[in-house]
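Q: Starting off with a structure, shown below.
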Amino acid sequence: MQGLRIYDQLLQFPLFQGMSHDDLEIVAGHIRFGFVKIAAGKQVVAAGEACNQLFFLINGNIKVETTSDDCRYAVVEQFSAPYVLQQEAVFGYYQHYTHSFSTLTDANFLTIEKEEISRLLEDFLVFRLNLVNLFATQTQKMSRQLWQRSPKDLRGRVIRFFASHSMYPAGQKVFFMLMEHLADELNDSRLNVSRVLNQLQREGLVELHRGRVVIPQLERLLM
């Protein structure tokens, strides 16, 4: 029963999609998995921690906080299962988390140590291709952003700032930052930025609070 349960859970995640039934049975029977339950409101991993294993969120909701290098602003986003915590951090030059993850609800995670990930890469071509495709897609999206047409006005630059600093272009985003810091990032005046944000609030696209901007649905802002 446990093997069957693992089999079903693995199929939720793109890294295992396309693998045959026989391969998944081998994975369920021979790869060491961990199972972690974390209560609501608890931290899972913090930015800067070494990424020695992958956390697969199999049920529950989490929030992700990303802080700028100068610590002047931060962004909080929400994600639901199924979700993998920063799978790109397990390999590469900087093998540490760059986001902090905590639970919004009671959450269950399936974990796989880096050594076991290496075994999967060696033994299963489909898993290897899935991971390569993931990394390639992320690289291509980041590369294309550099060549996108720059916004013509401040409103467009404000929206682009919010979108480019979000992990996923949809859902609620909360930006913890002062108005003058946003103005500095956009190389414009605080007054002009305030006018744009207040107009966006009148249109129901953002909510302004002291020291934070709440975007209920980023996809609406991008339309």
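Q: Would the stretch 165-177 turn up any residue that is open to solvent by 60 Å² or more (accessible area, probe 1.4 Å), free of Cβ contacts under 8 Å to residues at least 24 places away in the same chain and within 25 Å of the chain's Cα centre (by Cα)? Let's see the steps before the verdict.
A: Start the filter on the stretch 165-177 by keeping residues that are open to solvent by 60 Å² or more (accessible area, probe 1.4 Å), which leaves 165, 167-169, 172, 176.
In the following step, the residues that additionally are free of Cβ contacts under 8 Å to residues at least 24 places away in the same chain were identified as none.
Taking every residue of the stretch 165-177 in turn, none turns out to be open to solvent by 60 Å² or more (accessible area, probe 1.4 Å), free of Cβ contacts under 8 Å to residues at least 24 places away in the same chain and within 25 Å of the chain's Cα centre (by Cα).
Q: For residues that are open to solvent by less than 50 Å² (accessible area, probe 1.4 Å) and hydrophobic (A, V, I, L, M, F, W, C), scanning just the stretch 105-125, find the one that is farthest from the chain's Cα centre (by Cα).
A: Filtering the stretch 105-125 for residues that are open to solvent by less than 50 Å² (accessible area, probe 1.4 Å) and hydrophobic (A, V, I, L, M, F, W, C), the one farthest from the chain's Cα centre (by Cα) comes out as Phe124.
Q: Hey, another quick one. If a residue has to be in a strand (DSSP E or B), without any contact (Cβ under 8 Å) to a residue 60 or more places away in the chain and either open to solvent by 40 Å² or more (accessible area, probe 1.4 Å) or within 21 Å of Leu218 (Cβ to Cβ) (or both) to count, how many in the stretch 46-72 make the cut?
A: Number satisfying all stated conditions: 8.
Q: Please work out which residue is farthest from Leu131 (Cα to Cα), limiting yourself to the stretch 1-54 and to residues that are modelled with pLDDT of 95 or more and charged (D, E, K, R).
A: Looking at residues that are modelled with pLDDT of 95 or more and charged (D, E, K, R), I get Lys42.
Q: Going by the structure shown, is Asp106 among the acidic types (Asp, Glu) and either in contact (Cβ under 8 Å) with a residue 60 or more places away in the chain or under 16 Å from Tyr83 (Cβ atoms) (or both)? Spell out how you get there, then give the answer.
A: Values: among the acidic types (Asp, Glu): yes; either in contact (Cβ under 8 Å) with a residue 60 or more places away in the chain or under 16 Å from Tyr83 (Cβ atoms) (or both): yes.
Criteria met by Asp106.
Q: Could you tell me how many of the residues in the stretch 115-147 are under 30 Å from Phe162 (Cα atoms), in contact (Cβ under 8 Å) with a residue 60 or more places away in the chain and touching an Asp or Glu at 6+ places or on another chain (Cβ under 8 Å)?
A: 1
Q: Check Val75 against each of (1) within 23 Å of Ser166 (Cβ to Cβ); (2) open to solvent by 60 Å² or more (accessible area, probe 1.4 Å); (3) touching a strand residue (DSSP E or B) at 6+ places or on another chain (Cβ under 6 Å) and name the one condition it does not meet.
A: Among (1) within 23 Å of Ser166 (Cβ to Cβ); (2) open to solvent by 60 Å² or more (accessible area, probe 1.4 Å); (3) touching a strand residue (DSSP E or B) at 6+ places or on another chain (Cβ under 6 Å), the lone unmet condition for Val75 is (2).
Q: Restricting attention to the stretch 96-114, which residues are out of contact with any Asp or Glu (no Cβ under 6 Å at 6 or more places or on another chain) and not in a strand (DSSP E or B)?
A: Hits for the stretch 96-114 are Thr98, His99, Leu104, Thr105, Asp106, Lys114.
Q: Now, a different point. Residue by residue through the stretch 28-39, note down the ones that are part of a loop (DSSP other than H, G, I, E, B) and surrounded by 13 or more Cβ atoms within 10 Å (Cβ to Cβ).
A: Ile31, Phe33
Q: Keeping to the stretch 130-160, report how many residues are surrounded by 12 or more Cβ atoms within 10 Å (Cβ to Cβ) and either of a type in the set (A, V, I, L, M, F, W, C) or part of a helix (DSSP H, G or I) (or both).
A: So the answer is 13.
Q: Further, regarding this structure: Quick check on my filter: what residues within the stretch 145-191 are under 20 Å from Arg212 (Cβ atoms) and among the basic types (Lys, Arg)?
A: Arg155, Arg157, Arg160, Lys173, Arg190
Q: Only residues that are more than 23 Å from the chain's Cα centre (by Cα), among the aliphatic types (A, V, I, L, M) and either closer than 12 Å to Val158 by Cα or open to solvent by 80 Å² or more (accessible area, probe 1.4 Å) (or both): list them for the stretch 179-213, please.
A: Answer for the stretch 179-213, where residues must be more than 23 Å from the chain's Cα centre (by Cα), among the aliphatic types (A, V, I, L, M) and either closer than 12 Å to Val158 by Cα or open to solvent by 80 Å² or more (accessible area, probe 1.4 Å) (or both): Met179, Ala183, Leu186, Leu191, Val193, Val196, Leu197, Leu200.
The values are calculated or read from the model by the stated rules, or taken from the named source; none is laboratory data. This structure is a prediction, so every number in the text was calculated from the model and none was measured. Note that each Cβ is placed from the backbone with ideal geometry, even for glycine, and that neighbours are counted across all protein chains shown. Ligands, DNA and RNA are stripped out before the accessible areas are found, and what is left, the full protein with its side chains, is counted by its heavy atoms. Shrake-Rupley method; radii C 1.70, N 1.55, O 1.52, S 1.80 Å.
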